[in-house]
Amino acid sequence: ERPVRVSRKILLEGEDVATLKAGDEVVLVRWGLVKITSIDGTKLTGTYDAEATNFKKKKALSWLAMSPCDCPPNGDLVPCTLVEYDYLLAKPKLEENDSLEEPGVLTPVSKVETPALADPMLKLISVGDVIQLERRGFFRVDVPWRPRKDPQTGDVTMQYPRLIYIPDGKPQHKVPFSRLPSAAK
């Protein structure tokens, strides 16, 4: 069991925020019940109910705690890239007279990269590790977080994680938050 970091400021998925209104009660997964008191665009204000025990029929939300430091722009959250691959072929079987240049043979968009923010613990992953991102699925680490030194200038920059989605057999349109065109079906 890993410790849960909480904060007065948290980040939620934009898709979740769009469904909320003042007065809603939501469950922050592994934390507890929060009542939304006001909404100003994408900024929500709420009150935490430490005594709440009835979480039934409440929307459960995944969240990230913002760091208490003033580190710009997102505290110590780790920027990363989530990569999804779709089928290369748009049809189940190639016919002998099919040409890859013909429309409808290749999937027009077979790769989507989504920028994301992740828990600071992502700094500890290694190439090849398999991790689970809540409500998104399992991902294999293609590129880990690490500082890189430019051999010419000596400047140190960060190489941010690149995570590749591992399909679980569900059709793409059933994968939460998928940005592949085939997920829109």
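Look through the range 1-46, keep the residues that are in contact with a Lys or Arg (Cβ under 8 Å, 6 or more places away or on another chain), open to solvent by 50 Å² or more (accessible area, probe 1.4 Å) and in a strand (DSSP E or B), and return whichever of them is nearest to Ala116 (Cα to Cα). The qualifying residue nearest to Ala116 (Cα to Cα) is Ile39. For the condition among the acidic types (Asp, Glu), closer than 30 Å to Ala60 by Cβ and modelled with pLDDT of 85 or more, Glu84 qualifies.
The values are calculated or read from the model by the stated rules, or taken from the named source; none is laboratory data. Since the structure is predicted, the reported quantities are computational estimates derived from the model, not experimental observations. As a convention, Cβ positions derive from the backbone with ideal geometry for all residues, glycine included, and neighbour counts pool all protein chains shown. What goes into the accessible areas is simple: the full protein's heavy atoms, side chains included, and nothing from ligands, DNA or RNA. Shrake-Rupley method; radii C 1.70, N 1.55, O 1.52, S 1.80 Å.
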